[in-house]
């Protein structure tokens, strides 16, 4: 009943307030996000398809009528400026495509940085802001680039931190940018073109009770809010990861960020094993050793049973201060913000993989597209308040909808959404089946009213099927829907999440799966406990994700998809000067790196102790689980942007990795390398 009244309030809110809401200063209250946008008069829907390198221009009154515009390589984001100029971010094209309203072709192409993934435009339409995942000059740092829309020239470019993704403009004349793997935000002063605030207090605020002197780190010190040095297990602590989608309220004063909250709790892979850190580990036993097969569950945020990485909506004020729950006690003291946890009002149907987010101009709701669960969440922007009695009272009546969240099913792999200004319609682009969903609010319920297929598959059938499996948090063969996790929950974007998982075997860094010639690099896992891909997949799906397990056909489909995904864009693969590569290769040989990193996959698939085993603190490497006497040699292919490095994530950069234990020759013959040779070696390795 509450869900019905919530939806009714949504209809009234959209209908009454949408059209008359003024545009916020600084671009607040974005009405579109991700792969979908709309013309200013609601007559056209724009959707970008990365498989087809195409922008679809769709008639909103008749979605079956549309035009196709070929843009750059792998377009993922689209934005419509106040003058109805359309900008498309071509992720693997290092460019933006510019399309004028009414034209069915690209009028200009703007060169930008590496993997542009975030777009915003000033209210006056004079400046376009682009987030580049990495700089062309330094892969360790991404940038925000300001472009004059009249001249299409770059005004300034500012480094903002590693792997940035989303951007939203604030009423204060600043911008907030999300850091994907670091799980944090940065505040950029747009007038000065520089970072004003590098990071926030979000980890501390999420884990207030855990950080209140109740935990200790390595050497008996206080729990470190940073992953390293010395990430240690904490009582139900969680770290934000996968931060991309971001928007503001209509006033541009409150910011909403979609995220995953990854657990720091000890995950048990062995039955009846308390590890070495004291206390019972948290997690599910491994069926190979007599345990159950319900998957990796953990006590979730605010005491709610959830997966090891729970989807959440983080709120910040305009100064970058976090307004979030304490995950240990769920002490909700601030009501003027959305509920933090993303939950479902449909039993057995999870929400997972948030990829796009918009706030409706009335300020009453936030809409989130969830790629891994094929649905859209509609969430009230207040933790308490709202009517559960009389839908005509809107949000001024009595009662509470607090954690009530409506979920609307759409097509496969939703990656973008846009809210029409008429207050009655929303549009969602579903990337995995090339379709456009039209959502309508009628009679107090929001439903998918129409699904229009815009394009056809161009990828091999096995790749198409494998992608849907990889990103599915609802397929019972892959996962336990009660947990609502997918392969991409940890291998975000089919890459890695930057999280160090605490297990009873030791700390374990999520490795990237792509570009590694995975079919040639068995045995698998850092411990090398799985000899074949089949064993590895069966263990992951059944024992960690709680699914029924793969068939042979599913294994083939998953491998086809993984092998098809390109490595992160890296200009140094082709742009590193020949003399630098020659010196770097000489340093590589001098240090005997090739004795282990050899062959097509740059790994001998063997196991070594290179001096990085963790021997102190709450989470130690346990030698009884080093089945081959050491840790698996990782492939160096595409390694440049896969930090942090090492099995415990203790090296934030490639150079840091080389310097760790350099003089002891534990990781190759590195003691004789000069400072210049180390730099050349880094340049060579990052070009691989």
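FYI, it's all coordinate maths here, none of it is from the lab. Keep in mind it's a predicted model, so treat the numbers as computed, not measured. A quick note on method: Cβ atoms are made from the backbone with ideal geometry, for glycine too, and the neighbour counts reach across all protein chains shown.
Numbers at a glance
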| read-out | value |
| --- | --- |
| Contact order relative to length of the stretch 103-172, as percent, for alpha carbon pairs under 8 angstrom and 6 or more apart | 28 percent |
| Anisotropy class of the stretch 43-94 from Cα gyration tensor, a/c 1.5 cut | oblate |
| Relative contact order (%) - the stretch 43-93, alpha-carbon pairs under 8 angstrom, separation at least six | 30 percent |
| With eigenvalues of the C-alpha gyration tensor scaled by 5 and rooted, the stretch 412-454, Å | 19, 11, 8 |
| Average Cα contact separation per residue, the stretch 545-630, under 8 Å, 6 or more apart, as relative contact order % | 13 percent |
| By average C-beta atoms within 10 angstrom, highest first, the peptides 412-423, 592-603 | 412-423, 592-603 |
| For the stretch 600-665: rounded, prolate or oblate by the Cα gyration tensor [a/c cutoff 1.5] | oblate |
| Alpha-carbon centroids, the stretch 462-524 and the stretch 629-688: separation in whole Å | 24 Å |
| Length gained when the stretch residue 172-residue 445 is fully extended (0.36 nm per residue, less Cα-Cα span) | 94.7 nm |
| Equivalent ellipsoid dimensions for the stretch 453-564 as semi-axes, Å, which come from the Cα gyration tensor, largest first | 23, 16, 14 |
| For 526, 156, 427, order by how many other beta-carbon atoms lie within 10 Å, fewest first | 156, 526, 427 |
| Efficiency of FRET from Cβ geometry, residue 349 and residue 532, R₀ 30 Å, rounded to 0.05 | 0.35 |
| Cβ-based exposure ranking for 87, 684, in which fewest neighbours within 10 Å come first | 684, 87 |
| Efficiency of FRET between residue 61 and residue 476 - r from beta-carbon atoms, R0 51 angstrom, step 0.05 | 0.85 |
| Highest average packing first - 506-519, 573-586, 357-370, 614-627, Cβ atoms within 10 Å | 357-370, 506-519, 614-627, 573-586 |
| Fewest-first sequence of 97, 672, 33, 564 by Cβ atoms within 10 Å of each Cβ | 672, 564, 97, 33 |
| Order by protection proxy (mean Cβ within 10 Å, highest first), peptides 673-683, 254-264, 37-47, 163-173 | 254-264, 163-173, 37-47, 673-683 |
| Computed FRET value (nearest 0.05) for residue 107 with residue 628, which takes r as the C-beta separation and R₀ as 45 Å | 0.20 |
